[in-house]
Amino acid sequence: MPVGDLLPEIILLLGAVIIVLFAAFAPHERQTWAAGLALVTLAAAMAFAVAQWGASPRLTFSGVWALDGPAIVAKWLILLSGAIAVLLSPDWMRSDPRHGEYYALCLFALLGMLMMASATDSMELVVGVLLSSTASYPLVAYHRGFPPALEAGMKYFLIGALTNALLVIGVVVLFGLVGDTDYRRLAEALGEADPWALSLATACVVIGLSFKLAAFPGHAWMPDTAQGAPAPIAALLSVAPKVAAAVALARFVTVLPPGQVWPAVVAGIAVVTMTLGNLAALQQSDVRRLLGWSSVSQSGYALMAVVVVGSDARALPALLIFLGSYVLANLTAFAVVTHLRGRTELTDYHGLTRSQPLAVAILIVALLSLVGIPPLIGFFGKFLLFEVTIDAGYTWLAVIAALNTLVSLFYYLRVIAATMFKPARGAVHVLGGWSWVTLLASVGLLLVVSLGVEGGLAMMSALSFAGPSA
Amino acid sequence: MILTTALAVPLLGAVALAGSTRWSDARARQVAVIAAVLSLLALVVAWVGFEPAGPLFQHVDELRWVPSLGVAYRVGVDGIALSVATMSALLFVAAIVYPMDTRGESRQYYAWLLFLQAVSLGVFLALDLLLFYVFFDLTLVGMYFLIGRWGHGAPQASALKFFLYTFAGSLLLLLAIIGLYLSLDPHTFDMRVLIEQQPMAGKGLYAGLVFLALMLGLAIKTPLVPLHTWLPQAHVDAPGPASAILAGVLLKMGTYGMIRLPLAMLQETFARYALTVAVIALVAILYGALVALGQRNLKRRIAYTSINHMGYTVLGIAVAAAAFTDDSLVRQLALTGATVEMVAHGLITGALFLICGSFWQRTGEYDLDHYGGLASQAPLLTGFTALAAFASLGMPGLAGFVAEFQVFAGTFAIYPWLAVLGVVGILITAAVFLDMLRRLFFGRLPVHLGQFVELTRREWSVLGVLSLGIVVIGVAPRFLLTLIEASAGLLVGGH
């Protein structure tokens, strides 16, 4: 067995186990050390994931595991989001006497997401989805004494249980049709499969993944989680599962035989998701819920690239660059919210620029990148999405996305206007040095990537999936 | 490098102002004035060095940015861009020097103005379609904060409406730009390549859609009736200098965009729809003038005359695009007129809005009925307002006349009926301004205006410079026309 191919994942697993043991025996005042352990683990995993770059795309472990560009880039993004969430956590969790396991759960969730991004086997996909879901439920409800957190956790769990069950049903039907779970076999045999059964299976898998993607119809947990979960976890869950699920979905739809109706269905989901997310975000008077709904709408944009992934080779780089831009911008926005002690009511943001000018400036940069104001990286992400969809003949989809961008500008500007134009009120409390450093690091990354977008494009331009489509 | 200097100096000034916490109000203002003047000087140097007989685009700078997308930092000017950009830089200097109550936030105010100057000049100087779009969008951000933070009335609502409405236009523009970009092989955003290859020629519906999206996006910015509804409110609530910039510089981006994108890159398609565009421009001319006549609010009235004047510009552009005459001299005349109109309107309306700012600082009132009889109380203010008003209604010997004469001469040769109807617009504008002068300055001085203060030295020197520009263009326009005619000739007849 080529164990070396799995080094990042194995390191993550070992790190998680060590943290569980450490947390069980360490006294309360040492629990924070688990954060250091988690960071070391993530750094090591990242180093090995970087080392995987450059080899030609291939499948490993009897073809169930992809080592290709999309998987590796998704790994970077997921590990990076994990690292930033972990860095934000020690200050946030200080008041919780027992929080060592928190970091272990983070690592388990990340491991599940890595599996989703790399899976080229439907059972492998199910394992990844279940692992990341199960580890995330307790994270969302980690503040046991805080009713919104419990509500968010319950909602997350119920929707997750339902959609995961549908995913499993879909995978079982696929197995029934083909007699295998390997994507290569699926790609060969699905052409002759019964179209109705195949449609059913596809629908189930898409709905199952929509939960992780926070896209319609499995999106309802996102705003509650953004509001109720610990802020670092809200940051993590609004970005990392989305990356994993988007890559997994793109990988899954390339397996489907041509001539299927799935592009139209995915396009429909994209439209509903972005419109619903934006319209719902319009009415929010709570910044974290607003960011949650904006995260739903961003899933809709990401799905645009999935629609054309079968017909245009540039769809995949566009998808990954968009996801990368979204990850950086959203993490930065949540880092600001976390640094401000998770303050969430829009009225609490009034006049904040007087007392916290730098934090507000960073928040504005992040929000403008989410809208796609050039020359921030968010613009290039959206530009590439528009370009590939128009080029593939889905101009109407690009037009709807442009309209949605306009709507989204409205609610992002509401937040910006509240911080800049309203009179200040009350004292502002912030978290400690760690979150400050993280904040600067994430906005630094956002700006560096915006300036160095050419490098990213050059790296991504030749990406393709290993396996059946190749 | 001279154009890059013109862009970079105000941008650096903005960064310095935003970053330094210790500068006093007076120091912040000094720094802003110096940066703005240096940028203006750079453009003047570019003007002096411009060779009218040379190639279309001169002073070109190019720098790699995102080659895999065909995007680069490309700047360069033709005579049209250079004249509009120089006028804009002058207006920015005027807006920055003009006194204004910054509510204790001078550094931020001047930083935003300088930022806006850099990105506005960027729109006129860019030779890369994507760069053009980037600057086009960033001007919205700058203006949004200027209106929202230093405006009066309901500034935040106006700022939001302004941003959303015009951002809708720029998204349409983005879709059209992507359409243009995809039609080239290899894909590139280089405007020179797009102008040379005319990629949309003979593409029927696709070309029509791209043209429609471009024109809608630019018409919102211009603004053309019926897409003008964001303008009056934004103007009324913006601070005086920001209003001057909005009318003098930001509106020009719409018409300048029409010359740079559809007119230059989609000649065949524009020719097909030229009459439609000309008719819409005529509607804007008449509607803007008539609605202006009905306004009792000083600033709203001037805002509506802007719609009327931008209508002349669009009419000139549409005539320049009409292809069914072989007489390219007529089309060149119309395009030159449209460009001179842009420069003249920038100076004239900029001056008028600065004057509005002075009124507001003194009384906090825009209602014309509030005023009267100020001619004896404030003779300098009366003189400058009268000069700008006469220039705006097209009095011979002043800048507005040179522009409107050329636009109508060109139109008369191609669409005679439109010219006849359009001249009615000038008549109504005359009524608008004469009525405004009468209500502000003549009649009896109301008691509450007994303390009305004459223009300060800083105010009248700024207005003096702008007025000088208006008179010089009116009396001796040759220096401007040489610059513009060469490029206009290449654009309408060079292919």
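Which of rounded, prolate, oblate describes the stretch B:61-205, given a ≥ b ≥ c as roots of the alpha-carbon gyration tensor eigenvalues and a/c under 1.5 marking rounded, otherwise prolate only if a/b is larger than b/c? Prolate, since a/c reaches 1.5 and a/b exceeds b/c.
Summarising the amide proton neighbourhood of A:Arg58: residues at separation of 5 or more, or on other chains, whose placed amide H is nearer than 5 Å comprise A:Leu67, A:Asp68. Close amide-amide hydrogen proximity is noted between A:Asp121 and A:Tyr183, each under 5 Å apart and 5 or more residues distant or on a separate chain (H modeled in the peptide plane; Pro and chain starts excluded). With the highest mean first, a sort of the peptides B:116-124, A:218-226 on other beta-carbon atoms found within 10 angstrom per residue produces B:116-124, A:218-226. How far is the Cα center of the stretch B:454-495 from the Cα center of the stretch B:156-220, in Å? About 29 Å separates the Cα centre of the stretch B:454-495 from the one of the stretch B:156-220.
Taking each residue of B:62-75 in turn, how many C-beta atoms of other protein chains fall within 10 Å of its C-beta, and what is the average?
Working: counts 0, 0, 1, 4, 9, 3, 9, 8, 0, 6, 0, 0, 0, 0.
Across the residues of B:62-75, the mean count of other-chain Cβ atoms within 10 Å is 3.
Taking other Cβ atoms within 10 Å as a rough exposure proxy, A:Tyr394, B:Tyr287 sort from fewest to most as B:Tyr287, A:Tyr394. Listed here are the pairs A:Lys155/A:Lys422; A:Lys75/A:Lys382; A:Lys212/B:Lys161; A:Lys382/A:Lys422; A:Lys382/B:Lys252; A:Lys422/B:Lys299; which of them are more than 24 Å apart at the Cα? Long pairs (Cα-Cα over 24 Å): A:Lys155/A:Lys422; A:Lys212/B:Lys161; A:Lys382/A:Lys422; A:Lys382/B:Lys252; A:Lys422/B:Lys299. Descending by average beta-carbon neighbour count within 10 Å, the peptides B:459-469, B:392-402 line up as B:392-402, B:459-469, the highest first.
Could you line up A:Asp286, B:Asp185 from fewest to most neighbouring Cβ atoms inside 10 Å? The partial results should precede the final answer.
Numbers: A:Asp286 17, B:Asp185 8.
Taking fewest neighbouring Cβ atoms as first place, the list is B:Asp185, A:Asp286.
Since only A:Ala119, B:Ala207, B:Tyr109 are under comparison, the one whose Cα sits farthest along the positive direction of the charge dipole of the protein assembly as shown, derived from C-beta charges on Lys, Arg, Asp and Glu, is B:Tyr109.
Shape class for the stretch B:122-173, computed from the alpha carbon gyration tensor (a ≥ b ≥ c): oblate, with a/c not under 1.5 and a/b at or below b/c. Projecting the Cα positions of A:Leu186, A:Phe108, A:Phe252 onto the charge dipole of the stretch A:3-460 (unit charges on Cβ atoms of Lys, Arg, Asp and Glu, taken about the Cα centre) puts A:Phe108 furthest along the positive direction.
Over the stretch A:178-268, the alpha carbon radius of gyration divided by the compact-protein estimate 2.2 N^0.38 Å works out to 1.27. Geometric descriptor of the stretch B:2-493, per residue, is 125 Å³ (volume of the convex hull of the Cα atoms).
Other chains near A:194-203: what is the mean number of their Cβ atoms within 10 Å of each residue's Cβ?
0
A straight line joining the Cα centroids of the stretch A:174-239 and the stretch B:295-321 runs 55 Å.
So what does log10 I(q)/I(0) come out to for the protein assembly as shown at q = 0.04, 0.08 Å⁻¹, using the Debye formula with one equal point on every Cα and no solvent? Those come out to -0.21, -0.79, one per q.
Taking other C-beta atoms within 10 angstrom as a stand-in for reagent exposure, A:Arg185, B:Arg260, B:Arg300 fall in the order A:Arg185, B:Arg300, B:Arg260, fewest first.
Each of B:Leu172, B:Gln406, A:Ile72 was scored by the projection of its Cα onto the charge dipole of the protein assembly as shown, and the greatest displacement toward the positive side belongs to B:Gln406; charges sit on the C-beta of Lys, Arg, Asp and Glu. Using θ = phi - 60° in the Karplus curve 6.51 cos²θ - 1.76 cosθ + 1.60, the 3J(HN,Hα) couplings for the stretch A:4-10 round to x, 5, 9, 3, x, 5, 5 Hz; x is entered for Gly and Pro. Taking the Cα centre as origin and putting +1 on Lys and Arg beta-carbons and -1 on Asp and Glu beta-carbons, what dipole magnitude results for the protein assembly as shown, to the nearest 20 debye? About 2240 debye. In order along the stretch A:39-47, the phi-based Karplus estimate (6.51 cos²θ - 1.76 cosθ + 1.60, θ = phi - 60°) of 3J(HN,Hα) comes to 5, 4, 4, 5, 4, 5, 4, 4, 4 Hz; Gly and Pro are listed as x.
Given only helices, namely DSSP H runs of n ≥ 4 each adding -39500 (n - 2.57), what is the per-residue ellipticity at 222 nm of chain B, to the nearest 500 deg cm²/dmol? Working shown, then result.
Working: 20 runs with 359 residues, N = 495.
After summing the helix terms and dividing by the residues of chain B, the value is -24500 deg cm²/dmol.
To two decimal places, what compactness ratio does the stretch A:3-460 give when its Cα radius of gyration is scaled by 2.2 N^0.38 Å? Present the calculation step by step, with values, prior to reporting the outcome.
On the way: Rg = 20.8 Å, N = 458, 2.2 N^0.38 = 22.6 Å.
Expressed relative to 2.2 N^0.38 Å, the Cα Rg reads 0.92.
Note on B:170-182: average number of Cβ atoms from other chains within 10 Å of each residue's Cβ is 4.
Would you mind computing Rg(Cα) / (2.2 N^0.38 Å) for the stretch B:338-495, counting N as its residues?
Numbers: Rg = 18.1 Å, N = 158, 2.2 N^0.38 = 15.1 Å.
For the stretch B:338-495, the normalised Cα radius of gyration is 1.20.
Across all Cα pairs in the stretch B:150-302, the calculated P(r) in 5 Å bins from zero up to the longest distance comes to 2, 9, 17, 20, 17, 13, 10, 7, 4, 2, 0, 0 percent per bin.
Throughout, read-outs are computed from the coordinates displayed, never taken from laboratory work. Only a predicted model underlies this, so the values are computations on that prediction, with no experimental measurement involved. Here the Cβ is made from the backbone with ideal geometry for all residues, glycine too, and neighbour counts use every protein chain on show.
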